[in-house]
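The values are calculated or read from the model by the stated rules, or taken from the named source; none is laboratory data. These figures come from a predicted structure and were not determined experimentally. Please note: Cβ atoms are built from the backbone with ideal geometry, for glycine as well, and neighbour counts cover all protein chains shown. Side chains are part of the model used for accessible areas, which takes the heavy atoms of the whole protein and leaves out ligands, DNA and RNA. Shrake-Rupley method; radii C 1.70, N 1.55, O 1.52, S 1.80 Å.
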Amino acid sequence: MIPDAQRIMLVCDQPEIIEWLVKQVLSDRSHHVHLVRTIAQAIQDLNRYSPHLILCSLALTSLSCKDLLVALSAQSMPIPVILLAEKGCESKLVQALRLGASDFILLPAKETEVWGVIERTLVRSRLREERNRLEQELSKSLQENQENTRLLASMRTMAKVLASNFTQATKIETLLKEAVTFCNADMGWLLRFQATSRNYLLAAAVNLPYGSHVLLGKAWDDGVAKMANQKNEAISLHGAALKKFPIGRFGEAALVVPIKAARIDHGTITLIRKSAQPFSEIDKKFLDMISEIIAILWWQTPFDK
């Protein structure tokens, strides 16, 4: 059955057909009918009226039904269009059907014939919408499962690293590499706050565009680390907003997470993407987890105070 209160747009400039459809065929139904007499007006009203169905005459004197179908396709609006055709319009009818019209009604027609076509079209449209919704939900579910699988694999890697006999520096660098890989970043680094100098020193780096080994242990000002620690929360920047900071010279998107080590030991972990695609909430949660692990490792070997 057709859902209640469907919005139907009637595009027609023939008074006798308008009179018959509006007053005799459509008047005793619960649907709302929006009448326009030109294709130009129909296109203009599409977004405002958002019809569930369009009844369009093939005998319009200005723009044709073809122009309406092209406009719907260009705007990615899957609104079903039923053609109102009379004998002698076969070539126009075939062309419009090829362009995506859903069905047609040959005039003159009985009221039952008209509603048979309308009901069939609306039901097909509703089923298509439901199928698309289910496909989107399935796609989202599959994506979430993939993310969970990736997260589990990364957690296993981190557990092996922490249980290994690696030095603390190697463990931290490995954790940073895992963060870069999991979050699909192009590079990343760790800054550790030194209380005596009040500077952030480069503690580890992955894929910096120049030799990071030369910079390790040196002061590093990316313009965001201090702000992230003061706010005590992750900072995600991309595009023009990122270019306001020195960190912007490395890429188009950044995620900076404070490392909440005990006492005065603290710093930040930063990931960079060369593209302007912002980091997701999953990326932030993963980086929060990495920062907590690094905080524990740093607490085991306090920095100078």
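Report whether or not GLU173 is open to solvent by 30 Å² or more (accessible area, probe 1.4 Å), among the acidic types (Asp, Glu) and within 15 Å of SER154 (Cβ to Cβ).
Details: open to solvent by 30 Å² or more (accessible area, probe 1.4 Å): yes; among the acidic types (Asp, Glu): yes; within 15 Å of SER154 (Cβ to Cβ): no.
Answer is no for this residue.
I'd like to check something: does region 41-52 contain any residue that is within 30 Å of the chain's Cα centre (by Cα), surrounded by 17 or more Cβ atoms within 10 Å (Cβ to Cβ) and not in a helix (DSSP H, G or I)?
Yes, some residue in region 41-52 is within 30 Å of the chain's Cα centre (by Cα), surrounded by 17 or more Cβ atoms within 10 Å (Cβ to Cβ) and not in a helix (DSSP H, G or I).
Provide a single number: the residues in region 185-230 that are in contact with a Leu (Cβ under 8 Å, 6 or more places away or on another chain) and either in a loop (DSSP other than H, G, I, E, B) or closer than 20 Å to LYS284 by Cβ (or both).
16
Filter region 101-123 down to the residues that are open to solvent by less than 50 Å² (accessible area, probe 1.4 Å) and part of a loop (DSSP other than H, G, I, E, B), then identify the one that is modelled with the lowest pLDDT.
This residue is ALA109.
Looking at (1) exposed (fewer than 12 other Cβ atoms within 10 Å of the Cβ); (2) farther than 29 Å from ALA228 by Cα, which is the one condition that is false for ARG126?
Single failed check for ARG126: (1).
Kindly indicate whether any position in region 54-70 is surrounded by 13 or more Cβ atoms within 10 Å (Cβ to Cβ) and among the polar types (S, T, N, Q).
First, pick out the residues of region 54-70 that are surrounded by 13 or more Cβ atoms within 10 Å (Cβ to Cβ): 54-60, 63-70.
Filter once more, so that each one left must be among the polar types (S, T, N, Q): 57, 64.
Among the residues of region 54-70, at least one is surrounded by 13 or more Cβ atoms within 10 Å (Cβ to Cβ) and among the polar types (S, T, N, Q), which makes the answer yes.
Restricting to region 231-242, name every residue that is farther than 18 Å from ILE282 by Cα and in contact with a strand residue (DSSP E or B) (Cβ under 9 Å, 6 or more places away or on another chain). If you could, list the steps in order and put the result at the bottom.
Just the residues of region 231-242 that are farther than 18 Å from ILE282 by Cα, to begin with: 231-232, 239-242.
LYS231, ASN232, GLY239, LEU242, listed by residue number.
Here's the yes/no breakdown for (1) in contact (Cβ under 8 Å) with a residue 12 or more places away in the chain; (2) under 23 Å from ARG126 (Cα atoms):
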| site | (1), (2) |
| --- | --- |
| GLN24 | yes, no |
| SER27 | no, yes |
| HIS34 | yes, yes |
| THR38 | yes, no |
| GLY88 | no, no |
| SER102 | yes, yes |
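Based on what the data block shows, is ILE282 open to solvent by 10 Å² or more (accessible area, probe 1.4 Å), at pLDDT below 90 and within 26 Å of the chain's Cα centre (by Cα)?
Here the answer is yes, as ILE282 does meet what is asked.
May I ask you to list the residues in region 177-200 that are without any contact (Cβ under 8 Å) to a residue 60 or more places away in the chain and either of a type outside the set (Gly, Ala, Ser) or surrounded by 15 or more Cβ atoms within 10 Å (Cβ to Cβ) (or both)? Break it down into steps so the answer makes sense when it comes.
Filtering region 177-200 down to residues without any contact (Cβ under 8 Å) to a residue 60 or more places away in the chain leaves 177, 181, 197-199.
Within region 177-200, LYS177, THR181, ARG198, ASN199 meet the criteria.
Looking only at residues in region 75-100 that are in a helix (DSSP H, G or I) and more than 17 Å from LEU10 (Cβ to Cβ), which one is least open to solvent (accessible area, probe 1.4 Å)? It would help to see each step written out before you state the result.
Taking region 75-100 first, the residues in a helix (DSSP H, G or I) are 90-98.
Right, trim to more than 17 Å from LEU10 (Cβ to Cβ) and you get 90-95, 97-98.
Working: GLU90: 103, SER91: 93, LYS92: 104, LEU93: 18, VAL94: 68, GLN95: 92, LEU97: 63, ARG98: 198 Å².
Looking at residues that are in a helix (DSSP H, G or I) and more than 17 Å from LEU10 (Cβ to Cβ), I get LEU93.
May I ask you to list pairs of residues, at least six apart or on different chains, whose Cβ atoms are under 7 Å apart, with the first in region 219-241 being without any contact (Cβ under 8 Å) to a residue 40 or more places away in the chain and the second being assigned to a helix (DSSP H, G or I)?
ASP221/PRO246; GLY223/PRO246; GLY223/ILE247; ILE235/MET227; ILE235/ALA228
Regarding region 256-271, can at least one residue be identified that is at pLDDT 90 or above, open to solvent by 10 Å² or more (accessible area, probe 1.4 Å) and of a type outside the set (Ser, Thr, Tyr)?
Taking every residue of region 256-271 in turn, none turns out to be at pLDDT 90 or above, open to solvent by 10 Å² or more (accessible area, probe 1.4 Å) and of a type outside the set (Ser, Thr, Tyr).
Scanning for something within 26 Å of the chain's Cα centre (by Cα), closer than 18 Å to SER291 by Cα, surrounded by 21 or more Cβ atoms within 10 Å (Cβ to Cβ) and at pLDDT 90 or above, does region 239-250 turn up at least one residue?
Within region 239-250, not a single residue is within 26 Å of the chain's Cα centre (by Cα), closer than 18 Å to SER291 by Cα, surrounded by 21 or more Cβ atoms within 10 Å (Cβ to Cβ) and at pLDDT 90 or above.
Confirm whether THR157 is at pLDDT below 85, on the phi < 0 side of the Ramachandran plot and not in a helix (DSSP H, G or I).
For THR157, the condition - at pLDDT below 85, on the phi < 0 side of the Ramachandran plot and not in a helix (DSSP H, G or I) - is not met.
If you go through region 164-172 one residue at a time, do you hit one that is within 27 Å of LEU190 (Cβ to Cβ), assigned to a helix (DSSP H, G or I) and in contact with a Lys or Arg (Cβ under 9 Å, 6 or more places away or on another chain)?
In the first step, residues of region 164-172 are kept if they are within 27 Å of LEU190 (Cβ to Cβ); the result is 164-172.
Narrowing the set further to residues that are assigned to a helix (DSSP H, G or I) leaves 168-172.
Cutting the leftovers down to in contact with a Lys or Arg (Cβ under 9 Å, 6 or more places away or on another chain) gives us none.
Looking through region 164-172, none of the residues is within 27 Å of LEU190 (Cβ to Cβ), assigned to a helix (DSSP H, G or I) and in contact with a Lys or Arg (Cβ under 9 Å, 6 or more places away or on another chain).
With the requirement that a residue be touching a His at 6+ places or on another chain (Cβ under 8 Å) and over 23 Å from ALA203 (Cα atoms), what does region 253-282 give you?
If the condition is that a residue be touching a His at 6+ places or on another chain (Cβ under 8 Å) and over 23 Å from ALA203 (Cα atoms), then ALA276, GLN277, PRO278 are the ones that fit.
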